[in-house]
1. Taking the condition over 22 Å from Glu29 (Cβ atoms), modelled with pLDDT of 95 or more, assigned to a strand (DSSP E or B) and not β-branched (Val, Ile, Thr), does Asp164 pass?
2. If Leu202 passes every condition in (1) crowded, with 20+ Cβ neighbours inside 10 Å; (2) within 16 Å of the chain's Cα centre (by Cα); (3) in contact (Cβ under 8 Å) with a residue 60 or more places away in the chain but one, which one does it miss?
3. Given the conditions (1) modelled with pLDDT of 95 or more; (2) farther than 18 Å from Phe186 by Cβ; (3) of a type outside the set (Lys, Arg); (4) surrounded by 15 or more Cβ atoms within 10 Å (Cβ to Cβ), and given that Leu169 satisfies all but one, which numbered condition is not satisfied?
4. Say we look at the range 53-67 and pick out the residues that are in contact with a Lys or Arg (Cβ under 8 Å, 6 or more places away or on another chain) and either buried (at least 19 other Cβ atoms within 10 Å of the Cβ) or of a type in the set (A, V, I, L, M) (or both); which of these is farthest from Asp148 (Cα to Cα)?
5. Which number in (1) assigned to a loop (DSSP other than H, G, I, E, B); (2) touching a residue at least 24 places away in the same chain (Cβ under 8 Å); (3) among the hydroxyl-bearing types (Ser, Thr, Tyr) marks the one condition that Ser90 misses?
6. If you go through the range 77-115, how many residues are closer than 30 Å to Glu65 by Cβ and of a type in the set (Ser, Thr, Tyr)?
7. Specify the residue that is farthest from Val168 (Cα to Cα); the eligible residues are those in the range 34-57 that are in a helix (DSSP H, G or I) and of a type in the set (Gly, Ala, Ser).
8. Do you know which residues across the range 99-153 are farther than 21 Å from His77 by Cα, free of Cβ contacts under 8 Å to residues at least 24 places away in the same chain and in a loop (DSSP other than H, G, I, E, B)?
Amino acid sequence: MRIPFKKWLGRREDPAPGEPLPVYMHPVEWSQLLAILETLQPARVLEWGSGGSTRAILEHCPFIERYVSVEHNPPWHARVQELVSDPRLSLNLVEGTEKEPFPAKGTKNRGTIIGDWYLKCEHDPSIMADYVAFPATLGERFDLVLVDGRARTHCLKAGWELLDSPGVLLIHDAQREEYHPTIRSFPRARFLEPWHQGQVCLIRK
């Protein structure tokens, strides 16, 4: 079952205090991601968009030596920081130039308001420019890059430049049409099947 955007929004909102971070992926897509990780066994991982997958990947992958994660939302960053204490994790907060709208539950057109901001981040590179550019300031290279946050089209391009060869660039929710022109500009992009909630696309360097 594919989860509509508005319903998905409610899944991320504030778990109860002390509740472990859930992985916001369907089991099919999560299994695909784990299979890629186990096959490649990357030592250095870069991720845009922190959360339950950050926690779970570190728990499942002892071969990872360094995990750099970039998050734009201060409350969410604080929650991940509270619940993920793995010493391999470098968790970084880099906000955009525009505050992310987060209307209260019950607000009319709530999903549209948030969704419109997400799309604006894809089309206006200035909003999340620092967020996108931050990993390059570290002077590091990575074996695997996971794009699962905001401004994904821009993060794809930045992540590709930081990826060693051979290496893998992954994007979650790759079924969204706004990402397709950028995804298809890369060689060897593969949209993984089946998918139910958020398709995974693999791009090999």
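1. Spelling it out, Asp164 is indeed over 22 Å from Glu29 (Cβ atoms), modelled with pLDDT of 95 or more, assigned to a strand (DSSP E or B) and not β-branched (Val, Ile, Thr).
2. Every listed condition holds for Leu202 apart from (1).
3. (2)
4. Going through the qualifying residues, I end up with Ile64.
5. So the condition that Ser90 fails would be (1).
6. Total meeting the criteria: 2.
7. So, considering only residues that are in a helix (DSSP H, G or I) and of a type in the set (Gly, Ala, Ser), the one farthest from Val168 (Cα to Cα) is Gly52.
8. Passing the criteria: Gly106, Thr107, Lys108, Asn109, Asp124, Gly139.
The values are calculated or read from the model by the stated rules, or taken from the named source; none is laboratory data. Just so it is clear, the structure is predicted and the values come from calculations on it, not from any experiment. Please note: Cβ atoms are built from the backbone with ideal geometry, for glycine as well, and neighbour counts cover all protein chains shown.
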